[in-house]
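The values are calculated or read from the model by the stated rules, or taken from the named source; none is laboratory data. Quick caveat: nothing in here was measured; it's all calculated off a predicted structure. Reconstructed Cβ throughout: ideal geometry from the backbone, glycine too, with neighbour counts over all protein chains shown. These accessible areas exclude ligands, DNA and RNA; they are computed on the full protein's heavy atoms, side chains included. Shrake-Rupley method; radii C 1.70, N 1.55, O 1.52, S 1.80 Å.
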Amino acid sequence: MVMSFRVSELQVLLGFAGRNKSGRKQELLAKALQLLKSGCSPAVQMKIKELYRRRFPRKVLTPSELSMLQVQGGQLPTGTVCHLPYEHGPGATATLPPPLLPPGPKREVDVQHLSPQAHPVHPDVKMKRLPFYDVYDELIKPTMLVSTSSQRFGEAHFTFALTPQQVQQILTSSITTHSLTTFSLLLCRFCLCETSCPQEDYFPPNLFVKVNGKLCPLPGYLPPTKNGAEPKRPSRPVNITPQARLSATVPNTIVVNWSSEFGRNYSLSVYLVKQLTSVTLLQKLRAKGIRNPDHSRALIKEKLTADPDSEIATTSLRVSLMCPLGKMRLVVPCRAITCSHLQCFDAALYLQMNEKKPTWTCPVCDKKAPYDNLIIDGLFMEILNSCTDCDEIQFMEDGSWCPMKPKKEKPEVCQASAFSGTTPLYTVSSEGKNSSEGKKKVEVIDLTLESSSDEEEPPAKKLCPGSSAALP
């Protein structure tokens, strides 16, 4: 047992026995073996067995499991450690029988018998519903990751089996993945082991997931927010379908490695789901109906009568008809019912964005805007249908609105007349209904030209008499 220990276990053992626990692994191993040869106390022997059980957590065997694995050994009461003959003596490591060897590919069948004993805890954890997935079956209900408390890294083993119907469902649906039709996946989800409320996906630190011995790709690390901060992965469901055995006869094994943290537990669950697309979610959102325009009118009146210092962003009550995501005109104006602003964003663009990178954050106020809280605004639908030539509107105190016409004509004329030359000056006068007003504007522009540029004085002086002659 001691020969199979890692540095962390050796240090724990030597520290428990009151020995020096510094040095390289070989030195620590020599000290631990010397501790055994010199005759250690029963407490140290129990510590060795405890560390070994934590090193290989699926080796806690009951008599029924011993007989099932056909192990020749002694009897033991249920729930206690196996007291087998090879546990005593320093030469025990040379005669370890197969059940106490580290797990390998040939031992995968044994895991299905042992995993229920290794993971007895099924806390009442509920996972938050994911908008892009409809759950068909729960293959592994939320199960706590049993951590090796005295070690830095934990390891847990799980198994699940598929029925012939589930296998057929995955195989037939995967053929049409290139189209908009939905298809079935196997999802592995992690979360904090909390029962107070439905949990979001939350990865344990330094997570590694192997399915049937193959490493599952996880989302890439996010750029660190602070200097020196550890990079984090965005916590999302892990698609384990490519690594799974799509067979109704051979079970699938999952091995999870992570860094254990004091006082914090994690949970794992596996589901067979139907994956949806943003097009499907948009159809479902439309099917919920459009919110009555009176809701938005009441919100407008409330904002206009409220303290103007309370919300700087909405005191002007000017609202854009452009989507803040795509900088294009709104088509399906929506926002979350929890948002306090009037500005809407386009539902189709928002769903497409969250299909690729699910953040469910409002692009206007940066607050959470989950799919179930989205509503299509009926007042904005009316405005978009009746006002096609402006990109901004202004609301009145009574809830009515008027379009804000883009001020493009006047700046263009001023820019044209600001350039030196004779033709822009005549175009200004021809556009105005009152010719005298146009001429007065010309004179003002000429004065600024005279004060700003000496080179343009001669043509300006020639033009002024001509304009004054036209006034009578």
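At-a-glance table
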{"quantity": "Heavy-atom accessible area order for Phe183, Phe208, largest first, 1.4 Å probe", "calculated": "Phe208, Phe183"}
{"quantity": "Positive minus negative residues near Lys274 (Lys, Arg vs Asp, Glu; Cβ under 11 Å)", "calculated": "-2"}
{"quantity": "Ordering of 356-362, 259-265 by packing [mean C-beta count within 10 Å, highest first]", "calculated": "356-362, 259-265"}
{"quantity": "Most to least packed among 227-234, 128-135 [average Cβ atoms within 10 Å]", "calculated": "128-135, 227-234"}
{"quantity": "Tyr350 accessible area, assembled protein chains, probe 1.4 Å, Å²", "calculated": "0 Å²"}
{"quantity": "Residues listed by number, segment 269-283, amide nitrogen under 11 Å from Val135 label point at 7 Å toward C-beta", "calculated": "269-273"}
{"quantity": "In nm, spacing of pseudo-spin labels at Val279 and Ser320 (7 Å Cα→C-beta vector)", "calculated": "2.9 nm"}
{"quantity": "Rounded to the nearest 10 Å², the accessible area of Met46 at probe 1.4 Å", "calculated": "110 Å²"}
{"quantity": "Over 30 Å between alpha carbons, listed pairs Lys37/Lys210; Lys284/Lys356; Lys301/Lys367", "calculated": "Lys37/Lys210"}
{"quantity": "Sites Ser4 and Cys365 - FRET efficiency at Förster radius 60 Å, r taken between beta-carbons, to 0.05", "calculated": "0.60"}
{"quantity": "Cα gyration tensor shape for segment 2-55, rounded if a/c is under 1.5, else prolate or oblate", "calculated": "oblate"}
{"quantity": "Percent accessible area from carbon and sulfur atoms, segment 337-389, protein chains only, probe 1.4 Å", "calculated": "52 percent"}
